[in-house]
Amino acid sequence: MKKSLVAALTGMFVVGATATTFAAANPFSDVPAGHWAYNSVTKLANEGIIEGYGDGTYRGNRNITRYEMAQMIARALAKTPTTTISSTSRAELDRLAAEFRDELDNLGVRIDELEKHSDMVKWQGKIEYTYNHRKFSGDVKTHGHGGVFRLEPQAEVNDHWTAVARFDAAYDGQNDSTNGGGQGAKLKRVYAQGDYDKFGVKIGRFGYCPSIEDGLVADTVISGAELSFGSKWQAIVTAGRIGQYSDEAHAYNNSARKNYNGTGAVNTDDTDVLSLNVKYNPGDSGLYGGASYYYAKDKDFGMVNKNGKDKSQIWAVGLGYKFNDKLDLHGAFAQNTKADVQKNAWAVDLRYGDYGDYSEQGNWSIWAGYAKFGMGAVVASDQGDDIMTGEKGWHVGAAYAPFKNVGILARYADGKIIGTNVKDKHVWGRVEFFF
């Protein structure tokens, strides 16, 4: 079987090379130079038709399976254009292909399925290094630096559903620790996402940052479900729970409320949230915006709400104009109708650039804005990179991609704690590598 196969394949693939001298080195230790099949085996090995075994042997006396022969024929078919062989050799190759049609078909199915399943799982992520320095009135200073390794696998379930996760492994460079402040390796997000024509759904623990207000009211993660309807005009309903210490954002908000009245104790309850967002986005240019309603329940809201009530009702609007695909002016306003302390929050930003597409070398962005983040108008917002929750002030920033998938970001904020004369100047920088 082996002898007839080598003769057949060589006769058609070497195309009259019986008189050709092969200069390649002997690929197999058990096929000596004087062997009758030496030239043919060497040629087929150099062309990738046969591979032998991992120990460098060919084992030419062993009977091969029909699948092994089908694999060799498939490789020969892929590497042999009809223009380079005679009609007789092509006929012999076609005859072998017909003889092993079932095996070739099955082999093709197996390869196709393998490629299909390998494409179903996509891995992406980034490594980032961050430095920040804060200076408060009275020459009080804080600073720190550290990094995060993020891995975000996405697995295709079927034509409509995708399974998504996010893992973050963080380290505290200030204390040379991989578990400082509880910031060790964590599963940050895990959810299933279904995408249909003008309808979408998320179930699990996912990012919660309504784009209408650009994180003014909520910029965190939530465990629950989200339904979206529409395309340019879109309605989004989200319901779920934000953990008390699910991330830095919510923990900071509660600490800020505690610090505001000086004596309040932070509760350990989670925050139950129901929100409705309606928005319009025409695309790369033009007017866009929308409105939101949030109903949230948490004992900590009693520190800013009227009569110590634990429920908040927050209304928010956002409006912006895209002059083109690079220049964007955006503003947002939010108010908690149940609060009597810092019940309003608002922000306005002007941004120019295309750093959002950091995969392109040379892309950059700059931005500037002013914000007031009243604690009463916040559910769980992470504004720690610029003006923080409970502060007001202006901020500027820039981002640049010196290489493909590599970014450098810098921010500066000049703020003041609301209701006080305490100033807060914040310098922040980051280097990030995407993969």
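The values are calculated or read from the model by the stated rules, or taken from the named source; none is laboratory data. A quick note: this is a predicted structure, and the numbers were derived from the prediction, not measured. Here the Cβ positions follow ideal geometry from the backbone for every residue, glycine too, while neighbour counts run over all protein chains shown. Remember, those area values only see protein heavy atoms, side chains included, never the ligands or the DNA or RNA. Shrake-Rupley method; radii C 1.70, N 1.55, O 1.52, S 1.80 Å.
Any residue at all in the range 344-358 that is touching a helix residue (DSSP H, G or I) at 6+ places or on another chain (Cβ under 9 Å), open to solvent by 10 Å² or more (accessible area, probe 1.4 Å) and within 23 Å of Lys299 (Cα to Cα)?
yes
Could you tell me which of the residues Gly240, Gly230 is at pLDDT 85 or above, touching a Lys or Arg at 6+ places or on another chain (Cβ under 7 Å) and not polar (S, T, N, Q)? Write out each step before concluding.
On the way: Gly240 fails: touching a Lys or Arg at 6+ places or on another chain (Cβ under 7 Å).
So the residue among Gly240, Gly230 that is at pLDDT 85 or above, touching a Lys or Arg at 6+ places or on another chain (Cβ under 7 Å) and not polar (S, T, N, Q) is Gly230.
Looking at Gln183, Gln174, can you tell me which residue is surrounded by 16 or more Cβ atoms within 10 Å (Cβ to Cβ) and modelled with pLDDT under 90?
Gln183
Just to verify a result, which residue in the range 331-358, among those that are over 33 Å from the mean Cα position of the chain (by Cα) and charged (D, E, K, R), is nearest to Arg430 (Cα to Cα)?
It comes out as Lys343.
Find all pairs meeting these conditions: Cβ atoms under 7 angstrom apart; at least six residues apart or on different chains; first residue within the range 274-289 and farther than 18 Å from Ala332 by Cα; second residue surrounded by fewer than 18 Cβ atoms within 10 Å (Cβ to Cβ) and among the aliphatic types (A, V, I, L, M).
Correct list of pairs: Leu274/Ala239.
Based on this model, can you work out whether Ala23 counts as modelled with pLDDT of 75 or more, open to solvent by 30 Å² or more (accessible area, probe 1.4 Å), part of a loop (DSSP other than H, G, I, E, B) and among the hydrophobic types (A, V, I, L, M, F, W, C)? Working first, answer last.
Details: modelled with pLDDT of 75 or more: no; open to solvent by 30 Å² or more (accessible area, probe 1.4 Å): yes; part of a loop (DSSP other than H, G, I, E, B): yes; among the hydrophobic types (A, V, I, L, M, F, W, C): yes.
For Ala23, the condition - modelled with pLDDT of 75 or more, open to solvent by 30 Å² or more (accessible area, probe 1.4 Å), part of a loop (DSSP other than H, G, I, E, B) and among the hydrophobic types (A, V, I, L, M, F, W, C) - is not met.
For (1) open to solvent by 30 Å² or more (accessible area, probe 1.4 Å); (2) of a type outside the set (Gly, Ala, Ser); (3) over 44 Å from the mean Cα position of the chain (by Cα); (4) modelled with pLDDT under 75, each residue gets a yes or a no:
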residue	(1), (2), (3), (4)
Tyr58	no, yes, yes, no
Met72	no, yes, no, yes
Leu77	yes, yes, no, yes
Thr80	no, yes, no, yes
Ile85	no, yes, yes, yes
Asp102	yes, yes, no, yes
Arg110	yes, yes, no, yes
Glu115	yes, yes, no, yes
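So which residues in the range 137-170 are over 20 Å from Phe435 (Cβ atoms), open to solvent by 50 Å² or more (accessible area, probe 1.4 Å) and part of a strand (DSSP E or B), if there are any at all?
The answer is Val140, Lys141, Thr142, His143, His145, Trp161.
So in the range 287-298, with the set limited to residues that are aliphatic (A, V, I, L, M) and within 19 Å of Ala235 (Cβ to Cβ), which one is least open to solvent (accessible area, probe 1.4 Å)?
Kept after step one, since they are aliphatic (A, V, I, L, M), are these residues of the range 287-298: 287, 291, 296.
Next, from what is left, pick out any that are within 19 Å of Ala235 (Cβ to Cβ): 287, 291.
Working: Leu287: 97, Ala291: 47 Å².
So, considering only residues that are aliphatic (A, V, I, L, M) and within 19 Å of Ala235 (Cβ to Cβ), the one least open to solvent (accessible area, probe 1.4 Å) is Ala291.
Of all residues being in a loop (DSSP other than H, G, I, E, B) and open to solvent by 80 Å² or more (accessible area, probe 1.4 Å) in the range 299-340, which is modelled with the lowest pLDDT? Just the residue, please.
Lys309
Looking only at the range 397-435, which residues are of a type in the set (Lys, Arg) and either open to solvent by less than 70 Å² (accessible area, probe 1.4 Å) or more than 24 Å from Gln124 (Cβ to Cβ) (or both)?
The answer is Arg411, Lys416, Lys423, Lys425, Arg430.
Could you list, in sequence order, all residues of the range 388-435 that are among the small types (Gly, Ala, Ser) and assigned to a loop (DSSP other than H, G, I, E, B)?
Gly390, Gly419
Any idea which of Val201, Val237, Val217, Val221 is open to solvent by 30 Å² or more (accessible area, probe 1.4 Å), touching a strand residue (DSSP E or B) at 6+ places or on another chain (Cβ under 9 Å) and β-branched (Val, Ile, Thr)?
Of Val201, Val237, Val217, Val221, the one residue that is open to solvent by 30 Å² or more (accessible area, probe 1.4 Å), touching a strand residue (DSSP E or B) at 6+ places or on another chain (Cβ under 9 Å) and β-branched (Val, Ile, Thr) is Val237.
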